[in-house]
Amino acid sequence: MNLFDFNSGLSNRKHAPLAYRMRPRSLDEVIGQSKVVGPGSPLRRAIERDELHSFILYGPPGTGKTSIAQIISAMTHSYFVQMQAVTAGVGDIRKAAADAEDRLKYYQQRTILFVDEIHRFNKSQQDVLLPFVEEGILILIGATTENPLYEINNALLSRVKLYILEALEAGDIKAIVQQAIADPERGLGQVRVSLAGNSLELLAAASKGDARMALNILESLVDSFQENNTLEVTPELIKKVVGQPLLKYDRSGDYHYDTISAFIKSIRGSDPDAAVFWLAVMLEGGEDPRFIARRLIVHAAEDIGMADPRALLIASAAAHSVDYVGLPEARIPLTEATLYLATAPKSNSSVVAIDKAMATVRQLSKITVPPHLGDTSHSKAKTLLGKGQGYKYPHSYGGYVSQSYLPAEVDDIKLYVPSENGYEARISQFLQKLAALRNRGPQK
């Protein structure tokens, strides 16, 4: 008996968790994933025809990945094997493949291998799995909450299709909750549950798009507060069960990188409201404030740069504040720095300049320091080695004198091109003035 057989029996038991009992039994009962398994969708047509291909279901927890796999197990004529990536080893994979080969050879029956949390398979496990998927011995269905582009080997990823499940909308969560309240067989229909005020909206908001979480909250309310088989769910009761709403934020997962990306792109796009919103998402999710401060420093140099050199000072001060005072107070200097950077003029000229310079350095076969720029700290460097000869001290010429500061190999290279934004407009004018002085000819 596999896990799905067990779950099927479990769903009919009185004391099984509500989230298990209310799992959809058919594709028509799957709520909120019409793009993936709705009528006419490619995956649904493949399921209904029992002509499945290997694929990965990627999405947040509680969006239906395992439920879809369970439905497939009930609909397919193929042999269905379920495997937990956290407990399975290479030996388990090889055995599943060997059994699958025998079924295909002797009974012409294909085998579907469902791997839950497939992102937890290491490279060796994925490499073992690859040839069996490639040869069609196993039809692989993987489920993951982590971005498969980073967690699944490219070789394996290229042999499967990727279906993305979205976090459920509030309306979807409400429908699932109301369905559970009304269902007398699998749900809470035997208990008179009513929802007062905006309690349904609060419950949907607290679940953050996770149907399992919503049903767990509902079940906790019933278990804790029903009297005489009756319960009126109020906002106050929900707050007692939920406490502070939990934000789904994995500091090492895909959402972590997406959120910091949204944060930086909002600053770069000069949208202070969006920038502060994503800052709040990270802080509420438990992100390390030092990580945020480091990103602010990088952004100040990379995307604002010389358009407002003070931005780097502000970001550095915010980072110092984080170390000095810590949270929750550090949220204020982090917000101040975020707002300053979001509303500052933008320029990436520093990035362009250093990247071009480094690329040039890598390409040169040799780099020679011009003699007039050489070190003259030794008393005989000038007379014996010719270092420093011909060097013009700018302060002796009023602050600027025309002379070359580059090696002969790249004497005409142009690396820094200031923008016309913010402080760089003044820099641009200054450089134009210097260019005019150079065009006058050599100064003596």
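Here are some notes:
- For the peptides 213-220, 160-167, 20-27, the ranking by packing is 213-220, 20-27, 160-167, with the highest mean count of neighbouring Cβ atoms within 10 Å listed first.
- Estimated at 0.36 nm per residue, the fully extended path between Glu135 and Ala16 surpasses their Cα-Cα distance by 38.9 nm.
- Which of Thr145, Thr234 has the fewest Cβ neighbours within 10 Å, and the rest in rising order: Thr234, Thr145
- Within straight-line cross-link reach of Lys366, lysines at Cα separation under 20 Å, skipping those fewer than 8 residues along the same chain: Lys356, Lys387, Lys414
- When Arg192, Arg159 are sorted by how many other C-beta atoms sit within 10 angstrom of their C-beta, beginning with the fewest, the order is Arg192, Arg159.
- Order of Lys356, Lys208 - criterion: other Cβ atoms within 10 Å of each residue's Cβ, fewest first: Lys356, Lys208
- When you count the other C-beta atoms within 10 angstrom of each residue and take the mean per peptide, 53-60, 415-422, 403-410, 65-72 line up highest first as 65-72, 53-60, 415-422, 403-410.
- Full-stretch length increase - Ser26, Tyr393 - with 0.36 nm per residue and alpha-carbon distance subtracted: 123.8 nm
- Packing rank of 336-343, 127-134, where each peptide gets the mean count of other beta carbons within 10 Å, highest leading: 336-343, 127-134
- Value at 222 nm in deg cm²/dmol, rounded to 500, when DSSP H runs of n ≥ 4 in the chain each add -39,500 (n - 2.57): -15000 deg cm²/dmol
- Dipole size of the chain about its Cα centre, with +1 on Lys/Arg Cβ and -1 on Asp/Glu Cβ: approximately 1840 debye, rounded to the nearest 20.
- Ordering Asn147, Ala170, Gly136 by the projection of their Cα atoms onto the charge dipole of region 108-207, which places +1 on the Cβ of Lys and Arg and -1 on the Cβ of Asp and Glu, puts Gly136 at the extreme positive end.
- Of all lysines in the structure, those lying under 24 Å Cα to Cα from Lys35, and not within fewer than 8 positions of it along the same chain, are Lys65, Lys161, Lys174, Lys208, Lys248.
- Once C-alpha pairs closer than 8 Å and six or more residues apart are averaged by separation and normalised to the residue number of the chain, the relative contact order reads 11 percent.
- For region 127-272, convex hull of alpha carbons as volume per residue, Å³: 177 Å³
- Pairwise FRET efficiency - Arg294 versus Leu431, Cβ, R0 = 30 Å, nearest 0.05: 0.40
- For the pair region 129-161 and region 43-86, the centres of their Cα atoms are 14 angstrom apart.
- The Cα trace of region 349-439 gives Rg and Dmax of 16.0, 48 Å, the first to one decimal, the second as a whole number.
- FRET efficiency for the Val351 to Ser124 pair, using the beta carbon distance and R₀ = 45 Å, is estimated at 0.70.
- Volume per residue for region 170-242 equals 72 cubic angstrom (convex hull of Cα atoms).
- Computed from phi, the 3J(HN,Hα) profile of region 423-432 under the Karplus parametrisation 6.51, -1.76, 1.60 (θ = phi - 60°) reads 4, 5, 4, 5, 4, 4, 5, 5, 5, 5 Hz, with x in place of Gly and Pro.
- Residue (of Val401, Ser379, Ile427) at the positive-pole extreme of region 349-439, dipole from beta-carbon charges: Ser379
- Cα centroid separation, region 209-243 to region 299-377 (Å): 51 Å
- Rg and Dmax of the chain, Cα atoms only, in Å: 31.9, 104
- The Cα trace of region 3-164 gives Rg and Dmax of 15.3, 45 Å, the first to one decimal, the second as a whole number.
- Listed residues Thr76, Leu215, Ala97: farthest to the positive end of the dipole of the chain (Cβ charges): Ala97
- Summarising the strand pairing of the chain, around 5 percent of its internal DSSP beta bridges are antiparallel.
- The chain: most fluctuating residue of Gly388, Gly142, Gly189 per GNM, C-alpha cutoff 10 Å: Gly388
Bear in mind that the values in this text are calculations on the coordinates, not laboratory data. Given the structure is predicted, the values throughout are model-derived calculations rather than measurements. Backbone-built Cβ (ideal geometry, glycine too); neighbour counts: all protein chains shown.
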